[in-house]
Amino acid sequence: KIIYIFLGFIFMGLGVLGIIMPFLPTTPFLLLASVCFVRGSKKFEIWFKGTRLYKKYIEEFVENQSMSIKQKISLNIFADCMIAIPFILTENVFLRMALIYIVGYKYYYFIFKIKTVKVR
């Protein structure tokens, strides 16, 4: 349980950095922090869900499975950059095809499965 709490704070810190640094996505790190706090301790789960970070960046997604267009774009750009690394480094055609499939499915999922909401 202590490891989950520790990871929760690490991911929360990365999420806060994502607010300042546009190339680092905020939402996925805060979602990971939430998962870690839920598994780590009821006390930390309640605390995290009461923070402004949670309410501003992920409460809407957790409750309604929806994201703002800005969140979707930043998350997809970050994921594309991470997927580009193995794509560039490998010469394996099958792995490259799998990565292209993953990117395509990712865009399909974000466009058609996750609702887009306007920022309040």
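Could you work out how much longer the chain between I85 and I10 gets when fully extended? Use 0.36 nm per residue separation minus the Cα distance between them, nm to one decimal.
24.7 nm
Stretch F94-I2 to full length: gain in nm at 0.36 nm per residue minus the Cα-Cα span?
Between F94 and I2, full extension yields an extra 29.1 nm.
Roll a 1.4 Å probe over the protein chains and send me the accessible area per residue for the chain in Å².
70
Between their Cα atoms, which of K1/K49; K72/K118; K42/K113; K70/K115; K43/K70; K55/K118 are more than 22 Å away from each other?
K42/K113; K43/K70
Stokes-Einstein D for the range 20-106 at 10 °C, 1.306 mPa s, Kirkwood Rh over Cα pairs, in µm²/s?
107
Could you compute the FRET efficiency for Y101 and N64, with r as their C-beta to C-beta distance and R0 at 22 Å, rounded to 0.05?
Given R0 = 22 Å and the Cβ-Cβ separation, E is 0.20.
In the range 1-100, what GluC sites (Glu not before Pro) fall in a loop by DSSP, with at most 12 other Cβ atoms inside 10 Å?
E91
Using a 1.4 Å probe on the protein heavy atoms, what percent of the accessible area of the chain belongs to carbon and sulfur?
72
The values are calculated or read from the model by the stated rules, or taken from the named source; none is laboratory data. The model shown is predicted, which means the values in this text are computed figures rather than measured ones. Backbone-built Cβ (ideal geometry, glycine too); neighbour counts: all protein chains shown. Keep in mind that these areas ignore ligands, DNA and RNA; they rest on the heavy atoms of the full protein, side chains included. Shrake-Rupley method; radii C 1.70, N 1.55, O 1.52, S 1.80 Å.
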